[in-house]
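Student: One structure, as structure tokens, below. Some questions next.
The values are calculated or read from the model by the stated rules, or taken from the named source; none is laboratory data. Everything numeric here is computed off the predicted structure, so don't read it as measured data. Here Cβ is always computed from backbone atoms with ideal geometry, including for glycine, and neighbour counts include all displayed protein chains.
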Amino acid sequence: MSIAVQSFQNVISLCRGDKRFLAGWIESAQKELVSYCMSLIVLGCGAYGFTIGLRNGLEMGAYVAIKLPLIIFITLIANGLLNGLLGLVLGSGIGFRKSVQFLLIGFAIMSVILGALSPVSFFVTLNMPSSADVAGRFAWHGASLLMHTCLIAFAGITAHTQLLHYVREFADSSRAGTHTFFAWLAGNLFVGAQISWNLRPFFVSPGLNVEFLREDPFNGNFYEAVIVALKNIF
Amino acid sequence: MKEKNQNSTRETPENISGRIPPSIGDVKSGFVSMEGGASFSNLLSKLLRKPLSIFHELETKDVLWKIPITLILISVVSLTVFGLVVGTFSWGNQIWAAPLKIVSGLMFSALICLPSLYIFTCIGGLEARFSTVVGMLCSIVALSGLLLVGFAPVVWLFSVSSTSSVFIGFMLLALWMICVGFGFNLVFCAGKAMGMTNTGHLLVWCFIFLLVTVQMTTTLRPIVGKSESLFNFEEKKFFLQYWSEELQTVTD
């Protein structure tokens, strides 16, 4: 029970932006921090992911609950080396280990926000017609996509704003901290978008099947799809 | 358990009142000690006159759950009264179904929005107990319920004068938005008085709570007007779609 209470208090300290708590945590309990943040990401993003996929049935709910945390972990692994290098090159003094810790903390805060929003998301999903209903299915698919994109973006922006404060505080200079943070952000957005493309489907477009991965997950990329979509519009 | 841990390091009210007088800012804002205990009538009075003193009590004293429970009781009583008046528009089953739907719908909405309120207030820099945040949420519902009771005679007047369920529905939605607006204002004031540094997240939460409650009226429909069935869970609709269709039916 006391471990659960301690874990809960740690979450709250993270969300409140308690810098002394974070400093102590980063310096003293490295392994604990990594496993703790990973648990938060699995729980928070998993719960929220389940409510996204639930509209297409329990099976899809379970798939998205697994895939949403996976996007974060794969992005961090793919960018781990680059993030550490950028931290050093940009003069922040934040090396490989600390860059992973900081980013895990940022994503953990985002997961806590998403986890807290998952009851609301669950209620919204229950109020949406099933994707099997033919009438207005494209409109509902679009509405679902838009709502979840907005909520995830909100959680991401809020968490990264918090992370920016942390990085500025811990970097050798505030300016170098800001540069490092935005370099990490750009790299993670660039790679994260492609990983989410590879791990599709999440929302299951009308007419397509429910499956864990598409038959051709590595065929094409996110940016090509955006260019094709823009061409279709104009 | 967390509450107990926090209590052990917290100043007791005797110590606070004995050593540190409340600041001029606190006195002006009303964030001062609550007099008269957590009884139903006293809390009802304080909710209208000195609402911030309720949060002061929640933060500094050991009456952790007594105040939120009394606030829930105030909410249930006032929303039941308001629901009964709404039910008089249709009579029949609606006389008991409308209060039941309004009370249960609002309580469920509050429950599913509680985790996000707690996390958003934490992100906004508020260092408050969980029970205080529960109290904030309960006070939104309780104050809104009390104000709705104030509007009940107006609702009754229109319900006996009008036959249009769409008009009554829109009027009730407008009244709900006005009343919950007062509740939101109270929470913003409480947040600022307790040291909240960023209220942007709270604003987003207020928007989410409003959307959830308005959607709840569509989920639990019909609350106003007669219907063969008490609930209509099979046909799922977004509230904007539902109300635009209802409006179109009337104007056609």
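Student: Would you point out the residue of the range A:25-41, among those that are closer than 14 Å to residue A:108 by Cβ and in contact (Cβ under 8 Å) with a residue 40 or more places away in the chain, that is nearest to the other protein chains (Cβ to nearest Cβ)?
Tutor: A:40
Student: Those residues that are farther than 18 Å from residue A:72 by Cα and facing chain B (nearest Cβ under 8 Å), I need them from the range A:131-157; list them, please.
Tutor: Correct list: A:143 only.
Student: Considering only residues that are polar (S, T, N, Q) and not in a helix (DSSP H, G or I), which ones fall in the range B:190-215?
Tutor: Residues of the range B:190-215 polar (S, T, N, Q): B:197-199, B:213, B:215.
Correct list: B:197, B:198, B:199.
Student: Looking only at residues in the range A:68-125 that are over 19 Å from the mean Cα position of the chain (by Cα) and within 11 Å of chain B (Cβ to nearest Cβ), which one is surrounded by the fewest Cβ atoms within 10 Å (Cβ to Cβ)?
Tutor: It comes out as A:123.
Student: So which residues in the range B:221-249 are within 11 Å of another protein chain (Cβ to nearest Cβ) and aliphatic (A, V, I, L, M)?
Tutor: So the first thing to find is which residues in the range B:221-249 are within 11 Å of another protein chain (Cβ to nearest Cβ), and the list is B:233-242.
Within the range B:221-249, B:240 is the sole residue that qualifies.
Student: Would you be able to say whether some residue in the range A:143-156 is within 21 Å of residue A:211 (Cα to Cα) and surrounded by 16 or more Cβ atoms within 10 Å (Cβ to Cβ)?
Tutor: Yes, the range A:143-156 contains a residue that is within 21 Å of residue A:211 (Cα to Cα) and surrounded by 16 or more Cβ atoms within 10 Å (Cβ to Cβ).
Student: Which residue out of A:189, A:164 is within 23 Å of the chain's Cα centre (by Cα) and closer than 19 Å to residue A:73 by Cα? Show your work before the answer.
Tutor: Values: A:164 fails: closer than 19 Å to residue A:73 by Cα.
So the residue among A:189, A:164 that is within 23 Å of the chain's Cα centre (by Cα) and closer than 19 Å to residue A:73 by Cα is A:189.
Student: Do we have any residue at all in the range A:166-188 that's closer than 30 Å to residue B:212 by Cα and either surrounded by fewer than 16 Cβ atoms within 10 Å (Cβ to Cβ) or of a type outside the set (Phe, Trp, Tyr) (or both)?
Tutor: The answer is no, given that none of the residues of the range A:166-188 is closer than 30 Å to residue B:212 by Cα and either surrounded by fewer than 16 Cβ atoms within 10 Å (Cβ to Cβ) or of a type outside the set (Phe, Trp, Tyr) (or both).
Student: Going by the conditions given, is residue B:139 among the hydroxyl-bearing types (Ser, Thr, Tyr), touching a helix residue (DSSP H, G or I) at 6+ places or on another chain (Cβ under 9 Å) and surrounded by fewer than 24 Cβ atoms within 10 Å (Cβ to Cβ)? Don't jump to the end; show me each part of the working.
Tutor: Numbers: among the hydroxyl-bearing types (Ser, Thr, Tyr): yes; touching a helix residue (DSSP H, G or I) at 6+ places or on another chain (Cβ under 9 Å): yes; surrounded by fewer than 24 Cβ atoms within 10 Å (Cβ to Cβ): no.
Judged against the criteria, residue B:139 is not a match.
Student: Among the residues of the range A:1-24, write down those that are in contact (Cβ under 8 Å) with a residue 12 or more places away in the chain and over 30 Å from residue A:199 (Cα atoms).
Tutor: Pass one, the range A:1-24, residues in contact (Cβ under 8 Å) with a residue 12 or more places away in the chain: A:7, A:10-11, A:14-15, A:17, A:19, A:22-23.
Correct list: A:7, A:10, A:17, A:19, A:22, A:23.
Student: Still on this structure, I have one more. Tally time: how many residues in the range A:174-201 are part of a loop (DSSP other than H, G, I, E, B) and at pLDDT 90 or above?
Tutor: First, pick out the residues of the range A:174-201 that are part of a loop (DSSP other than H, G, I, E, B): A:199-201.
Narrowing further to those that are at pLDDT 90 or above: A:199, A:201.
The total comes to 2.
Student: Sort out which residues of the range B:197-220 are surrounded by fewer than 21 Cβ atoms within 10 Å (Cβ to Cβ), more than 10 Å from chain A (Cβ to nearest Cβ) and touching a helix residue (DSSP H, G or I) at 6+ places or on another chain (Cβ under 7 Å), and write them in order of number.
Tutor: B:199, B:210, B:214, B:220
Student: How do the pairs read when you match residues in the range A:206-222 that are at pLDDT below 85 with residues anywhere that are outside any loop (DSSP other than H, G, I, E, B) and exposed (fewer than 13 other Cβ atoms within 10 Å of the Cβ), using Cβ under 9 Å and keeping only pairs 6 or more apart or on different chains?
Tutor: Every condition considered, the pairs that remain are A:206/A:138; A:220/A:228.
Student: Out of all the residues in the range B:131-145, is one or more under 21 Å from residue B:50 (Cβ atoms) and part of a loop (DSSP other than H, G, I, E, B)? Working first, answer last.
Tutor: Here is the first cut: in the range B:131-145, the ones under 21 Å from residue B:50 (Cβ atoms) are B:131-145.
This time we only want the ones that are part of a loop (DSSP other than H, G, I, E, B), so: none.
The answer is no, given that none of the residues of the range B:131-145 is under 21 Å from residue B:50 (Cβ atoms) and part of a loop (DSSP other than H, G, I, E, B).
Student: Out of the range B:80-123, which residues are within 14 Å of another protein chain (Cβ to nearest Cβ) and either among the hydroxyl-bearing types (Ser, Thr, Tyr) or not in a helix (DSSP H, G or I) (or both)? Spell out the reasoning first.
Tutor: Restricting attention to the range B:80-123, the residues satisfying the condition of being within 14 Å of another protein chain (Cβ to nearest Cβ) are B:104-123.
Residues satisfying the conditions are B:104, B:109, B:116, B:118, B:121.
Student: Quick one: in the range B:218-248, of everything that is part of a loop (DSSP other than H, G, I, E, B) and aliphatic (A, V, I, L, M), which residue is farthest from residue B:83 (Cα to Cα)?
Tutor: Looking only at the range B:218-248, we keep the residues that are part of a loop (DSSP other than H, G, I, E, B), and these are B:220-238.
Those still in the list that are aliphatic (A, V, I, L, M) too: B:220, B:223-224, B:230.
Details: B:220: 13, B:223: 9, B:224: 10, B:230: 15 Å.
Out of the qualifying residues, it is B:230.
Student: Now for a different question. Residues that are in contact with a Cys (Cβ under 8 Å, 6 or more places away or on another chain), at least 3 per element: which helices (runs of 4 or more DSSP H) completely within the range A:1-101 meet that?
Tutor: Working: elements: A:2-16, A:19-28, A:30-53, A:58-89.
Where helices (runs of 4 or more DSSP H) fall fully within the range A:1-101 and carry at least 3 residues being in contact with a Cys (Cβ under 8 Å, 6 or more places away or on another chain), they are A:2-16, A:58-89.
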